[in-house]
1. Among S64, S88, which comes first, second and so on when ranked by fewest other beta-carbon atoms within 10 Å?
2. Long-range amide H contacts for N215: which residues qualify at under 5 Å (H placed 1.01 Å from N, peptide plane, sequence gap of 5 or more or a different chain)?
3. Using 0.36 nm per residue, how much length does the chain from K231 to K65 gain when fully extended, once their Cα-Cα distance is taken away?
4. Computed FRET efficiency, Cβ-Cβ of N161 and I23, R0 45 Å: what is it to the nearest 0.05?
5. Multiply the residue separation of I47 and A123 by 0.36 nm, subtract the distance between their alpha-carbon atoms, and state the gained length in nm to one decimal.
6. With the contact rule set at Cα under 8 Å and sequence spacing of 6 or more, what percent relative contact order holds for the range 43-232?
7. Under a crude label model (7 Å from the Cα following the beta-carbon direction), how far is K213 from E74 in nanometres?
8. Once phi is turned into θ = phi - 60°, what whole-Hz ³J(HN,Hα) does the Karplus curve with 6.51, -1.76 and 1.60 give for every residue of the range 155-165, x standing for Gly and Pro?
Amino acid sequence: MLTIKNKKALVLKALIRIIIAVIVLLLVVIPACNMISKLFFSSGSSIKAFEEFVNGINEMPPDSKEAFLLELGEGITMGTGSAIVGFSKTGNYKCDECVKCGPGVAMWRGDMKITRPSNPECAGTACIFLCDGNFMMLSACGAGTGIGECEEYICMPLNSNIDIVDETTIKDRTVLPDVLWHNGFLFLNYIPFVNGLEINKEKQRTLYVEKNKGNMIGVCNQEMLDYNRDKFGEDKDICINKGLI
């Protein structure tokens, strides 16, 4: 027959097992499920939206503008995020004065670059790459130029007659150097202060594309559109601002 003491011991053991099970659920099972969800479920919709984005640019007529809804997932691990990177035909993406190394406007001082991946399907053309969840930034602060890296890019070429504008002004400043993109564009999720724009944490976002008469394209978000309107006039819904500043 169980004594009161034995019953208390059994209840205590049961409570300990329940507490351990809850801890395992919170620390192991749920994070693992979230990671699996990011890997398998969000990726499909991100890739589909990315393909529609690139195909849409290829189908745009010259001298036109269009808006595209994209989906960028969270980072798979801490310190990572998703990115869409465009490379012109001429070289690697580079951003002058894009990396914020501390508080205050004066601390925008680091450059960053992304080396164009060697995917054969993009050889010789302007190309757009999706990094779905594993883009990371190796800091430029105190080390010159920062490097953007991705474990695996998904690549889609633009038509051979299309190129990406080789310079875009993100911010112009009187004392400090301007914030400039060279040879492409970069839009990120969950990684702050590396492309000259405010951090984005929204899964869905709208990007705007302007294609000029020469089939040169510029890609921008709402923040960049607002900057161009403030700079050049409310009627200037433009993404290409090279030569205007």
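No lab work stands behind these numbers, since they all come straight from the coordinates. Quick caveat: nothing in here was measured; it's all calculated off a predicted structure. Here Cβ is always computed from backbone atoms with ideal geometry, including for glycine, and neighbour counts include all displayed protein chains.
1. Sorted ascending by nearby Cβ count, the order is S64, S88.
2. It is D63, by chain and number.
3. Values: separation 166, 0.36 × 166 = 59.76 nm, distance 1.92 nm.
Length gained between K231 and K65: 57.8 nm.
4. Calculated transfer efficiency: 0.15.
5. Details: separation 76, 0.36 × 76 = 27.36 nm, distance 2.09 nm.
That pair, I47 and A123, stretches by 25.3 nm at full extension.
6. Working: 459 pairs, mean separation 54.0, N = 190.
After rounding, I find 28 percent.
7. With each label point 7 Å from Cα toward Cβ, the separation is 4.9 nm.
8. Each residue of the range 155-165 in turn: 10, 9, x, 7, 4, 4, 8, 10, 9, 9, 3 Hz.
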